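A short write-up of the structure that comes next.
None of the figures in this text is laboratory data; all of them are computed from the coordinates on show. Model, not experiment: these values are computed from the prediction. All Cβ positions, even for glycine, are placed from backbone atoms using ideal geometry, and neighbour counts span all protein chains on display.
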Amino acid sequence: MTRLKPSLVLLLAAGSVTLSGQRVLVYSEFQRVGPDGEVVKADRVDQRREILSPAVARNAYATFRVAVEAPNGSPYTLHIAQNPDDSARVSIYQEEYSKVGDEWIPEKVKPLVQPVNAVLSNGQKVQTYLLDMFVPESTPESRFRIEIQLWSMERWVIYPMEVRVRQILGPGPVFPRGTLPPASARADTAVMEAMRGYACAEPESTEKRALETVQAFIDRNARQDVAIARTRERQEPQDGVIWMLVKAGGWPTLKDFCSGKSAAPQGTEWWLRSRSYLYQGLPIQ
């Protein structure tokens, strides 16, 4: 892990870390953020989930969105560190924006090599990245630290996360499949094919997709979570597992979910409630 002088480090356990116009914010994958620093209209919720101590499965992926705010024209460096080292395999992707109506929305992504050196364009408030990690099966049920380290204007800004590794095992490498939703759709729309295939026995595509868009990451993660749901069936009846996932989205019944095409009443981040159940066994209230 990169060693930092204490006098240069700002640590603040909150929804963002700020210093003199430099800021690091972390969001779930279901909160897309435009270059203006605002969550896109389709994904907005009354109160978004703070990402401070996320629970993750072993042999599985976890994806977060990092937004960097820095003065226009001033170079910055971004690096992801972890302690203990090699607790997870971490990759970072820059999000590229597409114009949809009157908004610029993150859509395509490109992989980057750390450390990331960048500068914000004139008129751009933030640049967003996907932090994608794979937690190996060999990682013990424990906690490890991820630090998002921003060097800007001769100062460090650090966003710390305590990652809680749960006992549950994921399926290992999986791939997005089928027709992915457009950028204009709510971010959680990319969960639906995997969820309907599991809960409603609807046909699913077997055509693999590359990890080239934000929607592809969400689809991949949802297929992973559905595989974890199937392992939960060893402890609970299948209809009970399915009901917990449907309830997490706010649908009154399984029939309402399977027969309707309405968005989840619980809002864009409802799948995070499903993960709390799948990874930790926490019942949906």
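In segment 19-73, if the dipole is taken from +1 on Lys/Arg beta carbons and -1 on Asp/Glu beta carbons about the Cα centre, which of ALA67, ALA57, VAL24 is farthest to the positive end?
ALA57
Taking 37 °C and 0.692 mPa s as the conditions, I'd like the Stokes-Einstein D for the chain in µm²/s, using the Kirkwood hydrodynamic radius from alpha carbon pairs.
For the chosen part, D equals 168 µm²/s.
Going from the alpha-carbon gyration tensor of segment 10-169, what semi-axes, largest first and in whole Å, does one get by taking the root of 5 times each eigenvalue?
Output for segment 10-169: semi-axes of 26, 18, 14 Å.
Place a point 7 Å from Cα of SER259 in the direction of its Cβ. Which residues in segment 194-228 have their backbone N less than 13 Å from it?
Within reach of a label on SER259, which here means backbone N under 13 Å from a point 7 Å along Cα→Cβ, segment 194-228 contributes nothing.
Could you tell me the relative contact order of segment 187-280? Use alpha-carbon pairs under 8 Å, at least six residues apart, and round to a whole percent.
Value for segment 187-280: 30 percent.
Before rounding to the nearest 500, sum -39500 (n - 2.57) across all DSSP H runs of length at least 4 in the chain and divide by the residue total; then give [θ] at 222 nm in deg cm²/dmol.
That comes out to -6000 deg cm²/dmol.
Suppose R0 equals 25 Å; then what is the FRET efficiency for ASN117 and LEU52 from their Cβ-Cβ distance, rounded to the nearest 0.05?
With a Förster radius of 25 Å, E is 0.40.
Please report, in Å, the Rg and the Dmax of segment 187-280, where both are computed over Cα atoms only.
Rg and Dmax of segment 187-280, Cα atoms, are 12.6, 36 Å.
Pairs of Cα atoms under 8 Å, at least six residues apart: use those to get the relative contact order of the chain, whole percent.
22 percent
Suppose the chain between GLU204 and GLN280 were pulled fully straight at 0.36 nm per residue; how much longer would it get relative to their current alpha carbon spacing?
24.7 nm
Helices from the chain with mean Kyte-Doolittle at least 0.0 and a Cα length along the axis of 15 Å or more, per DSSP H: which?
238-249
Output the antiparallel fraction of DSSP beta bridges having both residues in the chain, as a percent to the nearest 5.
Antiparallel bridges: around 95 percent, rounded to the nearest 5.
Set the bar at 22 Å for Cα to Cα. Now go through LYS41/LYS208; LYS41/LYS125; LYS208/LYS261 and name every pair that lies beyond it.
Table pairs above 22 Å Cα-Cα are LYS41/LYS208; LYS208/LYS261.
So, with +1 on the Cβ of K and R and -1 on the Cβ of D and E, and no other charges, what is the size of the charge dipole of the chain about its Cα centre, to the nearest 20 debye?
320 debye
In whole percent, what relative contact order does segment 10-169 give with Cα contacts below 8 Å and a gap of six or more residues?
Result for segment 10-169 is 34 percent.
Would you please put 132-143, 265-276, 172-183 in order of how densely packed they are, using the mean number of other Cβ atoms within 10 angstrom per residue and starting with the highest?
265-276, 172-183, 132-143
Taking springs between alpha-carbon atoms closer than 10 angstrom, which of TYR97, TYR61, TYR159 fluctuates most in the Gaussian network model of the chain?
For the chain, modelled as a Gaussian network with Cα springs under 10 Å, the answer is TYR97.
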